[in-house]
Amino acid sequence: MASNKDYYETLGVSRTASADELKKAYRKLAMEHHPDRNAGNPKAEQQFKEISEAYDVLKDEQKRAAYDRYGHAAFTQGGAGGFGGGAGAGGFDFSSSFADIFEDLFGGGGQRRSGGSQQESASRGADLRYNLHISLEDAYKGKQENIRVTTSVACESCHGSGGEKGTKPITCTTCNGHGRVRASQGFFTIERTCTTCQGMGKVIKDPCRSCAGTGRTRKEKTLAVNIPAGVEDGTRIRLANEGEVGMRGGPAGDLYIFLTIAEHSLFKRDGADVHCMIPI
């Protein structure tokens, strides 16, 4: 444990502080007390550890609940909170705390990775939305509607591979196939998406001339949508795998049909009921 100082006091926040308030406080203090910025201050490293330890505990809901109930005793060996060997035993996770801050500073979209290629999670195609207007009669009876959607489909020339016929993608030499690269900046190690392969882990040496190496082209296709009887305004119908196909043979996203029921000249719908105003 870096110190027995109250964690809330260390971060300068109240005991009811939200997760966002904790992150902002930690970010400000971490930058202010970073050892690289305080070369002439021998106490900076200790202060930095205290700040990081406090944030590592309070950002975790379970650890925070244990701390609120038992204080520092929750993190001693055999403590009442059951977190022995964790944050309070000197095992708090610097990298976990810093990752939250790096996502704000350098992006990342919350996709924290432990290693390996990013291709599997990054290549899925985008979902699509289609707004379909139907009449009240169609909503009552149900029907099959044909729609035309312009989307990304697998390139017919390279069959989605992105490379010319007879060629294969090669491992990116910049990131060695991981899709991400690391750079050390003083005390920190920052991980970013590889700009050479765009996080795919592989590069196309001879790109397909039809799709410029993306493995997909734009095309309009016709789809049949079954509208069940009794649908309500705002109903969403999902067509699996009918969205945009992923990069270089990645799986397709989904297509979502959102139904809008047009107003009727005579009848007005109210849930499962239909009303008609008749002048007398």
Fill in the blank from the handout: Picked from the range 34-51 (must be more than 20 Å from Tyr70 (Cα to Cα) and in contact with a Phe, Trp or Tyr (Cβ under 7 Å, 6 or more places away or on another chain)), the residue modelled with the highest pLDDT is His34
Completion exercise
In the range 8-34, residues that are in a helix (DSSP H, G or I), under 27 Å from the mean Cα position of the chain (by Cα) and hydroxyl-bearing (Ser, Thr, Tyr) total 1
Practice task
Take the residues in the range 1-33 that are of a type outside the set (Gly, Ala, Ser), open to solvent by less than 10 Å² (accessible area, probe 1.4 Å) and in contact with a Phe, Trp or Tyr (Cβ under 8 Å, 6 or more places away or on another chain), then tell me which one is nearest to Ala74 (Cα to Cα).
Solution key: Tyr7
Handout entry: Residue satisfying all of: in the range 41-55; part of a helix (DSSP H, G or I) and of a type in the set (S, T, N, Q); surrounded by the fewest Cβ atoms within 10 Å (Cβ to Cβ) among these
Key = Gln46
Handout entry: Residue ID - nearest to Ala212 (Cα to Cα), chosen from residues in the range 263-280 that are among the hydrophobic types (A, V, I, L, M, F, W, C) and exposed (fewer than 13 other Cβ atoms within 10 Å of the Cβ)
Key = Ala272
Exercise for the section: Check whether at least one residue in the range 213-230 is more than 26 Å from the chain's Cα centre (by Cα), closer than 30 Å to Arg269 by Cβ and buried (at least 17 other Cβ atoms within 10 Å of the Cβ), and report yes or no. Expected result: yes
Handout entry: Failed criterion for Gly163 (all others in (1) open to solvent by 40 Å² or more (accessible area, probe 1.4 Å); (2) touching a residue at least 40 places away in the same chain (Cβ under 8 Å); (3) farther than 17 Å from Arg124 by Cα; (4) not acidic (Asp, Glu) hold)
Key = (1)
Problem - Any chance Glu242 is in contact (Cβ under 8 Å) with a residue 40 or more places away in the chain and open to solvent by 90 Å² or more (accessible area, probe 1.4 Å) - result: no
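The values are calculated or read from the model by the stated rules, or taken from the named source; none is laboratory data. Bear in mind that the values here come from a model prediction, so they are computed numbers and not experimental data. Please note: Cβ atoms are built from the backbone with ideal geometry, for glycine as well, and neighbour counts cover all protein chains shown. The protein model used for the area step is the full one, side chains on, heavy atoms only, and it has no ligands, DNA or RNA in it. Shrake-Rupley method; radii C 1.70, N 1.55, O 1.52, S 1.80 Å.
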